[in-house]
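Heads up: the structure comes next, in structure tokens.
The values are calculated or read from the model by the stated rules, or taken from the named source; none is laboratory data. Source: prediction; values computed, not measured. Ideal geometry is used to build each Cβ from the backbone, glycine not excepted, and the neighbour counts take in all protein chains shown.
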Amino acid sequence: MSVKIIINGAYGKMGSLLSEALMQTRDYHLLARCGRQDDLAAIIRQKKPDVVVELTSAEAVYANAKTIIEQGVKPLIGSSGLTLAQIEELEKISQEKKLGGIIAPNFSLGAILLMKYAEEIAHYYPQVEIIEMHHDYKKDAPSGTALKTAEMLAKTHCKTAPAVQSKESIAGATGCRHQNIAIHSLRLPGFIARQDVIFADQGETLSISHNLIDRKAMLPGMMLSLKKIQHLDHLVYGLENLI
Ligand SMILES: NC(=O)c1ccc[n+]([C@@H]2O[C@H](COP(=O)([O-])OP(=O)(O)OC[C@H]3O[C@@H](n4cnc5c(N)ncnc54)[C@H](O)[C@@H]3O)[C@@H](O)[C@H]2O)c1
């Protein structure tokens, strides 16, 4: 039997990409495509989906994620912008409801592998910084991927730039900090999504880089998430935990 899906934010770039892909497969049945004007809770109650894919915006994601979980439906959350406190809260509600779900800051395999190996490399280098580059109409900064990468780097012994004593003559010159990891965000036309992680020790640097040049690169990760989510009984934060 095919899995019944609603996409919220279905008319945006990511939502359109997934809508088209789902319409071409028999394994999934796209019940509804929701946008800004729709009452998500009412549509969930009416259509009774197995999964709601959330692809809207940083401002809307937390409220939408809560709505989906409170309706007892599995959320696949691709929107960026959730804080760690909000993720913990969503994990708690999911646990109470014994409900599976996925928060995926990045659906691309390359970006997930970058995060996974960056976490490993961080054991060997005392300093690291992140540069993330996105198209100039991306609404939030830093990106969800950069935040997640910083959280993964911070788990290891790596402490970012404690020795750097640069005094900022202009606020923000050395980037922002998330869990003590420096993140620099560029917003320029020409990029879709790129992230570099630069490690350093005395006399050397090591850089790893992922460059997404077509949003289609997100599709395999989205389809994998839809497959894996069916068997989950808790909320998973990050696709690196499922590949
Ligand atoms: N996880 C990933 O791999 C990944 C990749 C790219 C983008 N993103 C994130 O996914 C989200 C969507 O990205 P996009 O590039 O498709 O953006 P987009 O602006 O092209 O599309 C967002 C859509 O959501 C709609 N929307 C906004 N608020 C809404 C609400 N409250 N209810 C219903 N619909 C609403 C908008 O009208 C728009 O149609 C963003 O948060 C972005 O950062 C995640």
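E59 meets all of the listed conditions (1) within 11 Å of the ligand (Cβ to nearest atom); (2) free of Cβ contacts under 8 Å to residues at least 12 places away in the same chain; (3) exposed (fewer than 13 other Cβ atoms within 10 Å of the Cβ) but one, namely (2).
Screening the candidates A85, A42 for the property of being assigned to a helix (DSSP H, G or I), without any contact (Cβ under 8 Å) to a residue 12 or more places away in the chain and either crowded, with 24+ Cβ neighbours inside 10 Å or away from the ligand (no atom under 14 Å from the Cβ) (or both) yields one hit, A85. Quick check, is I208 touching a residue at least 60 places away in the same chain (Cβ under 8 Å) and not in a helix (DSSP H, G or I)? Criteria met by I208.
Right, K74: buried (at least 20 other Cβ atoms within 10 Å of the Cβ), modelled with pLDDT of 95 or more and more than 16 Å from the ligand (Cβ to nearest atom) or not? Answer is yes for this residue. Residues in region 88-112 that are assigned to a loop (DSSP other than H, G, I, E, B), away from the ligand (no atom under 16 Å from the Cβ) and of a type in the set (A, V, I, L, M): L99 only.
Taking region 193-228 as the range and being among the β-branched types (V, I, T), more than 14 Å from the ligand (Cβ to nearest atom) and out of contact with any Ser or Thr (no Cβ under 6 Å at 6 or more places or on another chain) as the test, the residues that pass are V197, T205, I208.
Restricting to region 10-39, what's the tally of residues that are of a type in the set (F, W, Y) and either within 8 Å of the ligand (Cβ to nearest atom) or under 17 Å from A65 (Cβ atoms) (or both)? The qualifying residues number 1.
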